[in-house]
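K.L.:
First, the structure itself, so that you have it in front of you.
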Amino acid sequence: MAAGPDVRHELVVKKSRFITVLRRVEDESAARLLVAELRREFYDARHHCSAFVLGPGRGVQRSNDDGEPSGTAGLPMLEALLKRDTGGGAVPEAMLSDVCAVVVRYFGGILLGAGGLVRAYSESVSSSLAVAPLVRRDRMQLFTVAVAHGDAGRLEHELRSAGYTMTGNSYGAATTLVGLAMADDSSVIAAAQDKLASLTAGRAMLVPAGTDWVDTPLAAR
């Protein structure tokens, strides 16, 4: 899920309100902070059920029924997160992670039964994910390219148009460092250096700047 404002979505089932909030989180503390925030905001709600998935291998998975019958809320929410494919296929790197879902329930006076609760909590999360902005997160090699200030905008545009992931610029007294990321593959890096040479008449070079997780909007892939 993309960083940014929370995604909120409401589902009404037999007069019960299910308010889902999704947030990009990096660790368990951030996930539990979201739950605490929503307990304060929706202080009069009966249930604040939650589920979250963390890590590139989705090694951390937690769920909480918060007073609903065991297995009818948190677990269906977690399964909805785990089933959501971000568009890259059935490999771990293409599956959803680093996200917390909280469903706040206001009881409407009509009992839903165990099956009804499972369906409602699962659908609440699934329908929220359907409108959430998602990104693909990859471990990528980072580089900078030093160019004159007046050339930075054109170079960044050309590289972006060629399909490279840009990571932002930094500015020095005499030059701009244009940042970009690419797969840690020697042939990809060599091709990028050739492209850079053609754009700068051989004056600029790729300078390694480490590795990091980089987000790419799915629409751009």
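The values are calculated or read from the model by the stated rules, or taken from the named source; none is laboratory data. Just so we're clear, the structure is a prediction, and the values are computed from it rather than from any experiment. No Cβ is skipped: glycine too gets one built from the backbone with ideal geometry, and neighbour counts run over all protein chains shown.
K.L.:
Those residues that are at pLDDT below 90 and not charged (D, E, K, R), I need them from the stretch 184-214; list them, please.
P.N.:
Scanning the stretch 184-214 gives 213, 214.
K.L.:
If you go through the stretch 130-143 one residue at a time, do you hit one that is aliphatic (A, V, I, L, M) and in contact with a Gly (Cβ under 9 Å, 6 or more places away or on another chain)?
P.N.:
yes
K.L.:
Inside the stretch 1-91, counting only strands (runs of 3 or more DSSP E) that do not spill past its ends, which hold 3 or more residues that are over 21 Å from residue 113 (Cβ atoms) and free of Cβ contacts under 8 Å to residues at least 60 places away in the same chain?
P.N.:
Numbers: elements: 7-13, 16-24, 47-54, 60-64.
Passing ranges, in order: 47-54, 60-64.
One line per residue, one yes/no per condition, for (1) touching a Leu at 6+ places or on another chain (Cβ under 8 Å); (2) over 28 Å from residue 56 (Cα atoms):
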| site | (1), (2) |
| --- | --- |
| 167 | yes, no |
| 171 | yes, yes |
| 185 | no, no |
| 193 | yes, yes |
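K.L.:
Would you check which residues across the stretch 121-157 are of a type in the set (A, V, I, L, M, F, W, C), without any contact (Cβ under 8 Å) to a residue 60 or more places away in the chain and surrounded by 15 or more Cβ atoms within 10 Å (Cβ to Cβ) and list them?
P.N.:
147, 152, 155, listed by residue number.
K.L.:
Here is a follow-up. Kindly indicate whether residue 52 is closer than 17 Å to residue 35 by Cα and aromatic (Phe, Trp, Tyr).
P.N.:
Considered against the rule, which asks whether it is closer than 17 Å to residue 35 by Cα and aromatic (Phe, Trp, Tyr), residue 52 comes out as yes.
K.L.:
Report, by residue number, each residue of the stretch 47-69 that is loosely packed, with under 14 Cβ neighbours inside 10 Å and in contact with a strand residue (DSSP E or B) (Cβ under 6 Å, 6 or more places away or on another chain).
P.N.:
Residue satisfying the conditions is 67 alone.
K.L.:
Out of the stretch 178-221, which residues are part of a strand (DSSP E or B) and either loosely packed, with under 11 Cβ neighbours inside 10 Å or of a type in the set (Ser, Thr, Tyr) (or both)? Reasoning before the result, please.
P.N.:
Here is the first cut: in the stretch 178-221, the ones part of a strand (DSSP E or B) are 178-182, 207-217.
208, 210, 211, 216 - these are the residues of the stretch 178-221 that are part of a strand (DSSP E or B) and either loosely packed, with under 11 Cβ neighbours inside 10 Å or of a type in the set (Ser, Thr, Tyr) (or both).
K.L.:
Is there any pair linking a residue in the stretch 108-120 that is surrounded by 11 or more Cβ atoms within 10 Å (Cβ to Cβ) to one that is β-branched (Val, Ile, Thr), with Cβ under 6 Å and at least six apart or on different chains, and which?
P.N.:
Filtered contacts from the stretch 108-120: 114/72; 117/72; 118/72; 120/13.
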